[in-house]
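Below: one structure, written as structure tokens.
Only the coordinates and a few stated rules stand behind these numbers; no lab work does. What you see is a predicted model, and the numbers here were worked out from it, not measured in a lab. Glycine gets a Cβ as well: all are built from the backbone with ideal geometry, and neighbour counts include every protein chain shown.
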Amino acid sequence: MVCGGFACSKNALCALNVVYMLVGLLLIGVAAWGKGLGLVSSIHIIGGVIAVGVFLLLIAVAGLVGAVNHHQVLLFFYMIILGLVFIFQFGISCSCLAINRSKQTDVINASWRVMSNKTRHELERSLDCCGLFNLTATSQDDGSCNAVCRHRSTICPTCGEKLLKHSDEALKILGGVGLFFSFTEILGVWLAMRFRNQKDPRANPSAFL
């Protein structure tokens with residue numbers, strides 16, 4: 001069978017949807033890791049990335065079923081929804097890459113101020129740091145910080161720097177991966193459209209599926 005034939009289009013569409021499933025799981029995993037940092041959860045874009053990942057995972061499953069069964073209706077809705085996912089994912093990815101260090105610092109500062117002392121101390125222990133930034137590192141100054149680094153030396157790294165490093169990594173990964181694979185979704189729409197208009201050689205030769 002030539003590359004442009006029915007079998008080739010079917011296999012290519014199935015493989016592409018398997019890739020979409022892996023990308024969806026990757027987006028959910030990285031976003032959940034960033035959200036698990038506590039302060040990063042205040043960035044609403046992280047929630048948007050998780051939503052895109054879940055939606056991409058579901059539409060990939062639907063596309064895989066539609067490709068295997070050559071289901072016309074399912075493939076039609078797959079094309080429409082995948083096009084909408086492309087627009088949404090492209091916007092979210094650009095937003096992740098556009099958040100600069102200053103914006104992340106403002107978000108972290110705002111979240112730190114509304115945290116309870118218990119939550120702050122738990123975060124300090126988990127990240128092995130004291131205080132937020134120089135102007136707000138009160139727990140390091142008053143001795144209330146009980147991070148491990150306090151027992152090793154008199155100077156501990158600030159939690160703000162560690163949180164900025166983790167959030168910057170998460171946003172860059174999410175933005176880069178999302179932006180790259182968003183363009184492959186155009187390929188998915190084209191493949192689905194082409195596959196829908198091809199004849200199944202195993203079907204009735206007089207039927208155009």
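Quick look at the numbers
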quantity: Förster radius 30 Å - calculated FRET efficiency between V54 and M193, Cβ distance, rounded to 0.05; calculated: 0.75
quantity: Extension reserve of the F77-E169 stretch, reckoned as 0.36 nm per residue once the Cα distance is removed; calculated: 29.6 nm
quantity: Pair K118, I186: separation of 7 Å Cα→Cβ label points (nm); calculated: 5.2
quantity: Lysines whose Cα lies under 22 Å from that of K172, excluding same-chain neighbours fewer than 8 positions away; calculated: K35, K103, K162
quantity: Computed E for K162/L97 - FRET, C-beta separation, R0 25 angstrom, nearest 0.05; calculated: 0.70
